[in-house]
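Below is one structure, written out as structure tokens; comments come after it.
The values are calculated or read from the model by the stated rules, or taken from the named source; none is laboratory data. Keep in mind it's a predicted model, so treat the numbers as computed, not measured. Please note: Cβ atoms are built from the backbone with ideal geometry, for glycine as well, and neighbour counts cover all protein chains shown. Side chains included, ligands, DNA and RNA excluded: accessible areas come from the protein's heavy atoms. Shrake-Rupley method; radii C 1.70, N 1.55, O 1.52, S 1.80 Å.
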Amino acid sequence: MRVVLAEDLYLLRTGLEKLLAAHGFDVIEAVDNGPALLDALVRRRPDVAVVDVRLPPTFTDEGLRAAIEARRQVPGLPVLVLSQYVEQLYARELLADRAGAVGYLLKDRVFNDDQFTDAIRTVARGGTVMDPEVVGKLLGRRSRDEPVTRLTAREREVLALMAEGRSNSAIAQRLSISEKAVSKHSTSIFTKLDLAPSEDDNRRVLAVLAYLNA
């Protein structure tokens, strides 16, 4: 799997390159700034990008803005954001793209190799992976007329766990309920978010995006 990596700290960048190589990934380009990231993503068109939010030259949201622009030029380009920060404005713009294939992990909450590499593979396959703290911050401000406000407290819990990329079985274990109950909650969520059955759309992904979109 071909990866473009964006991280401005030398030791972390080289460490991530070695970790990814050890797990069978091919880091085709590793960059340390926003303009170089955009160029690499558009020119190399990797299977997935692993992107820090704050890159030179501004050290604000350069990485996210480069990723969003790259996805405009290469629709559906898989992007996993790996950062210490939750940049709400551009994060929501990235996640609002219904193409999916996006993720947002916090560096200090990645606890092992498998968690990290599984997230990369999920995003590369078109899935959505979110750290629960990111979900919480992005959901901090919502208007009362948004469809997500129709959900019950339990349905919001189920959908938040969907946003983390968990299966029905994992959600059931986490909430101490049956898989059948998770399935019923999921059906109710799809109905309340006006996500009709479709052969083309992954309703779990669309539900998560609806949940995260401001």
Neighbour cut-off at most 13 other Cβ (10 Å), DSSP loop, chymotrypsin sites (Phe, Trp or Tyr not before Pro), region 9-112: Phe59, Phe111
Simple spin-label model, 7 Å along Cα-to-Cβ: Arg44 to Glu69 in nm? 1.8 nm
Once you place label points 7 Å from the Cα toward the Cβ at Ser167 and Lys18, how far apart are they in nm? 3.4 nm
What does the accessible area per residue of region 69-122 come to in Å², with a 1.4 Å probe and no ligands, DNA or RNA counted? 45 Å²
Per the Kirkwood definition applied to all pairs of different Cα atoms, how many angstroms is the hydrodynamic radius of region 38-120? 12.9 Å
Apply the Karplus parameterisation 6.51 cos²θ - 1.76 cosθ + 1.60, with θ equal to phi minus 60°, to every residue of region 61-69 and state each ³J(HN,Hα) to the nearest whole Hz, in sequence, with x for glycine and proline. 10, 4, x, 5, 5, 5, 5, 5, 5
Separation between Cα centres of region 165-186 and region 61-131, rounded to whole Å: 24 Å
So if I place +1 on the C-beta of Lys and Arg and -1 on the C-beta of Asp and Glu, and nothing else carries charge, what would the dipole magnitude of region 1-124 be about its Cα centre? I want it in debye, nearest 20. 320 debye
If I model a spin label as a point 7 Å beyond the Cα along the Cα-Cβ vector, how far apart are those points for Asn112 and Ala99 in nm? 3.3 nm
FRET efficiency for Glu133 and Asp194 from the Cβ-Cβ distance with R0 = 22 Å, rounded to 0.05, comes out at 0.20
